[in-house]
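Let me begin by presenting the structure, written as structure tokens, before commenting on it.
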Amino acid sequence: MWGPEGLDEVEAELLGPPEELKGRDVLELGAGAAQCSRWLAAQGARPVALDISHRQLQHALRIGGAFPLVCADAGALPFADASFDLACSAYGALPFVADPRLVLREVHRVLRPGGRLVFSLTHPVRWAFPDEPGPEGLSVSGSYFDRTPYVEQDESGHAVYVEHHRTLGDRVRDVVASGFRLVDLVEPEWPAWNTAEWGGWSPLRGSLIPGTAIFVCVRD
Ligand SMILES: C[S@@+](CC[C@H](N)C(=O)[O-])C[C@H]1O[C@@H](n2cnc3c(N)ncnc32)[C@H](O)[C@@H]1O
């Protein structure tokens, strides 16, 4: 699943035709509980699920799956050059790092020539709107161009959650400057069947403004 709209890889085929996934080495970045790796393994691919959070990987372990789990920072990948055919990430790692080019260059390094990276994140335009599912989430409340990160702190002032904003143009430049060719930028539309409301996600907002941006990148 690429995002809250409900676009899944069966429908999107952004990693290529499903029958060609068999035997492919795939790196999932910011895997969380490794839902994507579990699906990839079921297609006959050979995923490796990577996350910086040990706790998330414990959930992955509990749910199960016959693929490796790796606890590491996406900005310092513990793999040899040219180890993977594909890399993917659904809302993982990239929105949470101050230097996304570090991550992208690392992914470029571990991909084989011709390899593909597909990653999704919150559509940058959402940054300008309150994260509310109702009509209040439809009025601009801040500058789209303000790159100040969103930070939550605990009572002792330590950052416990940080999300970084980049404009759409920033993201394109990050991809290109890291050596990738951008071949598609998918903005899934909110489908009629999806009536779910979750956090700032809702059919109301989804029908009017994009919520997810999916970047399809090739390492030539
Ligand atoms: C919003 S969750 C997405 C999880 C999963 N991809 C999904 O679709 O449910 C973001 C994940 O990125 C991980 N993450 C954040 N920064 C990271 C980093 N620098 N390296 C690796 N993983 C990171 C978090 O631990 C978290 O599991």
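Report, ordered by the first and then the second residue, all pairs with beta carbons closer than 6 Å, sequence separation of six or more or different chains, a first member in segment 9-30 that is on the phi < 0 side of the Ramachandran plot, and a second member that is among the hydrophobic types (A, V, I, L, M, F, W, C) and in a loop (DSSP other than H, G, I, E, B).
Pairs found: L21/A45; R24/A45; V26/A45; L29/A74; L29/A93.
Give all pairs with beta carbons closer than 7 Å in which a residue from segment 151-169 that is under 14 Å from T122 (Cβ atoms) meets a residue that is at pLDDT below 95 and hydroxyl-bearing (S, T, Y); count only pairs at least 6 apart in sequence or on separate chains.
Correct list of pairs: empty, since none qualify.
Determine, yes or no, whether G179 is in contact (Cβ under 8 Å) with a residue 60 or more places away in the chain and over 18 Å from L94 (Cα atoms).
When the stated conditions are applied, G179 does not pass them.
Quick check, is V140 more than 16 Å from the ligand (Cβ to nearest atom) and β-branched (V, I, T)?
Details: more than 16 Å from the ligand (Cβ to nearest atom): yes; β-branched (V, I, T): yes.
For V140, the condition - more than 16 Å from the ligand (Cβ to nearest atom) and β-branched (V, I, T) - is met.
From A45, A31, A93, which residue is surrounded by 18 or more Cβ atoms within 10 Å (Cβ to Cβ) and farther than 23 Å from L182 by Cα?
The match here is A45.
Suppose we filter segment 59-78 for residues that are surrounded by fewer than 17 Cβ atoms within 10 Å (Cβ to Cβ) and more than 20 Å from the chain's Cα centre (by Cα); how many remain?
5
Given the options L168, L204, L185, L208, name the one that is under 17 Å from A90 (Cβ atoms), surrounded by fewer than 17 Cβ atoms within 10 Å (Cβ to Cβ), hydrophobic (A, V, I, L, M, F, W, C) and touching a helix residue (DSSP H, G or I) at 6+ places or on another chain (Cβ under 8 Å). Lay out the reasoning, then the answer.
Details: L168 fails: under 17 Å from A90 (Cβ atoms); L204 fails: under 17 Å from A90 (Cβ atoms); L208 fails: under 17 Å from A90 (Cβ atoms).
Every option except L185 fails the conditions.
Pull out all pairs, ordered by first then second residue, where Cβ-Cβ is under 8 Å, the residues are six or more apart or on different chains, the first lies in segment 81-101 and is charged (D, E, K, R), and the second is assigned to a loop (DSSP other than H, G, I, E, B) and more than 8 Å from the ligand (Cβ to nearest atom).
Within 8 Å, the pairs are D85/R24; R101/S178.
The values are calculated or read from the model by the stated rules, or taken from the named source; none is laboratory data. As the structure is a prediction and not an experimental result, all values here were calculated from the model. Quick reminder, even Gly has a Cβ in these numbers, built from the backbone with ideal geometry, and neighbours come from all protein chains shown.
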